[in-house]
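Derivation of every value follows stated rules applied to the coordinates shown; laboratory data play no part. Predicted, not measured: the structure shown is a model, and the values here were computed from it. All Cβ positions, glycine included, derive from the backbone under ideal geometry; neighbour counts span all protein chains shown.
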Amino acid sequence: MNQTMNAEISRLVDAISAADAVMIGAGSGLSTAAGFTYSGERFKTYFADFIETYGLTYMYSAGFYPFRTLEEQWAYWSRHIWYNRYVDAPKDTYDKLLQLVDGKDFFVLTTNVDHRFQLADFPKKRLFYTQGDYGLWQCSVPCHDSTYDNFEAVARMVEEQHDMRVPSELVPYCPRCGEPMSMNLRCDATFVEDAGWHRAARRYQDFIEAHGGSRIIFLELGVGVNTPGIIKYPFWKQTYANTSSTYACVNFGQAQAPAEIRDRSILINGDIHEALTLALHARQG
């Protein structure tokens, strides 16, 4: 990183140290930095057969391909879930983030659905997954607002699938209405906000209200422009409203802030994993 970026990283470390609280907003760029890439070699490694057969180009969108059978659909999704939700992360990016905010009052708002925060030992009560969780299924209708843990079923699907199909007896159906289950992902109007989702939403609001006028740092990591209304715009708005706050953005190629809060912004245009590594070194030094 260049001298300007190193200076911004030093500012970030100092801001976190001086802050009363840290509000973390995490987008897909954070998981990408941790090694969860959805295209290229990693996609080819796990889905070569699907790519060859269907010409698929991107791991996430491929899950919504109109497969001919539910057996094929769940062969794809089970692999996708397994390699993005249950396996260890290629890099310790999330662990480094936890180290960086250790000892601080913090909360995490994320659009990521890969459960990486909890797998890195972030306390569950400090997390709000707004867009769902790869580890949960729901009724596709949906006929009710409950979600279901899928670890055991997915493990069997990955183990027992053959020729891009899972055994028919492993296809999941709603225990109440009998319709097929679907992913608990906010991709259309059928997304289920279960009781856990609402509890997390309340904890997030409580955290924001509790630190309304305090020295809080809004730390945005890897948030793009696909859904800016969830993290980016609220962080900008809250930073503007609270003159004691600081906005920090770490994002490769997309680190920016409005002119109204630019003097209270820390912008690091670089790889998130590298930035967190340097921040930890700076703090220790």
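Observations on the structure shown:
- Length added when fully stretched, H162-V141, from 0.36 nm per residue minus Cα-Cα: 4.7 nm
- Spin-label pair N226/R203, simplified geometry with 7 Å Cα→Cβ offset, distance in nm: 2.5 nm
- Region 1-63: Rg to Rh, with Rh as the Kirkwood radius over Cα pairs: 1.24
- Cα-based Kirkwood hydrodynamic radius, region 188-285, one decimal, Å: 15.1 Å
- Full extension of the chain between L56 and E260 gives 69.2 nm of extra length, using 0.36 nm per residue less the Cα-Cα distance.
- D (Stokes-Einstein, µm²/s), Kirkwood Cα radius, the chain, 1.002 mPa s at 20 °C: 107 µm²/s
- Segment Y173-K44, extension gain: residue separation times 0.36 nm, minus the distance between their alpha carbons: 43.5 nm
- Pairs of alpha carbons in region 51-160 whose separation is greater than 25 Å (percent): 32 percent
- In nm, spacing of pseudo-spin labels at T243 and F191 (7 Å Cα→C-beta vector): 3.6 nm
- Counting beta carbons within 10 Å around each of H115, H273 and listing the fewest first gives the order H115, H273.
- Helical runs assigned H by DSSP (4 residues or longer) give the chain a calculated mean residue ellipticity at 222 nm of -12000 deg cm²/dmol, each run adding -39500 (n - 2.57) before division by the residue total.
- In region 212-285, GluC sites (Glu not before Pro) in a DSSP loop with at most 15 other beta-carbon atoms within 10 Å: none
- Packing-based exposure ordering (other Cβ within 10 Å, fewest first) of T32, T190: T190, T32
- Separation between Cα centres of region 208-275 and region 149-172, rounded to whole Å: 41 Å
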